[in-house]
Amino acid sequence: MEDLGEPVGGRGKRLLDIAFALLAISGLSIFLVVVAVAIKIRSRGPVFFAHERVGYAGQPFHCLKFRTMVPDAAERLQAVLDASPESREEFRKHHKLHKDPRIIPGLGSFLRKTSLDEVPQFFNVLAGHMSVVGPRPVTSHELSIYGSAAKQYISARPGITGLWQVSGRSTTTFAERVEMDSTYLSNWSFWTDVRLIFRTIWAAGRGAC
């Protein structure tokens, strides 16, 4: 592992992470239980989905989410793509479908739209894999196309929220996302994190995050 010193923000950022994560988990404990039960009722399979992402210093970790897809998601997607040329073209362009057969009906769409599927990532924060605020967690493939910004990305813990997440993420390009991450990391301050946390809470309350 490359020695990069302390992650961006150092101990002050880490203390904020731990305090906020504990507050969030305790405050959302009933929500966590209700969603877990709802997932088990609506779809067989595990409650959580863990996907490998790249963390601080290039170390891989398993990023947690509530599972929003059905267990046989790959098979359902392939069946739709095989049956519909329009769906194949849509998926080729956007890597997703407007009417995605993989999503748990109702519950999965709601969790994704509100970003509440990401609440389990507060456990990643407590484990030291993530920060409350930081660059969006990326896969190793995505990091390979970050170009000169890749080293800056691995100088910090990735975040549950960040500048990109509160800046109309669905309407931005990948290049704009990388630029936002670089801007955040180049200009980090404790109060920047606090402001972004409040912007995230406001956006989530409006269903826009």
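The values are calculated or read from the model by the stated rules, or taken from the named source; none is laboratory data. Note that the coordinates shown come from a computational prediction; the quantities given were computed from them, not determined experimentally. Cβ sites come from the backbone with ideal geometry, for glycine too, and all protein chains shown count toward neighbours. To get the accessible areas, we keep the full protein, side chains included, count just its heavy atoms, and leave off ligands, DNA and RNA. Shrake-Rupley method; radii C 1.70, N 1.55, O 1.52, S 1.80 Å.
Brief remarks follow.
- Rolling a 1.4 Å probe over the protein chains gives residue 174 an accessible area of about 70 Å².
- Between residue 138 and 54, the built amide H atoms are under 5 Å apart, and every one of these is 5 or more places off in sequence or on another chain.
- Per residue solvent-accessible surface (Å²) - the stretch 1-116, probe of 1.4 Å: 63 Å²
- Value of relative contact order over the stretch 1-160, rounded to a whole percent, pairs C-alpha under 8 Å and six or more apart: 30 percent
- Rounded to the nearest 10 degrees, the inclination of helix 73-83 to the longest alpha-carbon principal axis of the chain is 50 degrees.
- A straight line joining the Cα centroids of the stretch 12-39 and the stretch 58-107 runs 27 Å.
- Rounded, prolate or oblate (a/c below 1.5 giving rounded, otherwise prolate when a/b exceeds b/c) for the stretch 113-209 by Cα gyration tensor: rounded
- Accessible area per residue (1.4 Å probe, heavy atoms of protein chains only) ranks 32, 116 as 116, 32, with the largest value leading.
- Taking the chain as a Gaussian network of alpha-carbon nodes connected by springs under 10 Å, the highest mean-square fluctuation of the residues 66, 49, 31 belongs to 31.
- Estimated FRET transfer efficiency when R0 is 45 angstrom, pair residue 151-residue 50 (beta carbons, to 0.05): 0.95
- Highest-MSF residue in the chain out of 79, 175, 57 [GNM, Cα springs under 10 Å]: 79
- Length released on extending from residue 194 to residue 99, taking residue separation times 0.36 nm less the Cα-Cα span: 30.6 nm
- Among 85, 60, 137: highest mean-square fluctuation, GNM of the chain, C-alpha pairs under 10 Å: 85
- Share of carbon and sulfur in the accessible heavy-atom surface of the stretch 41-136 [1.4 Å probe, %]: 57 percent
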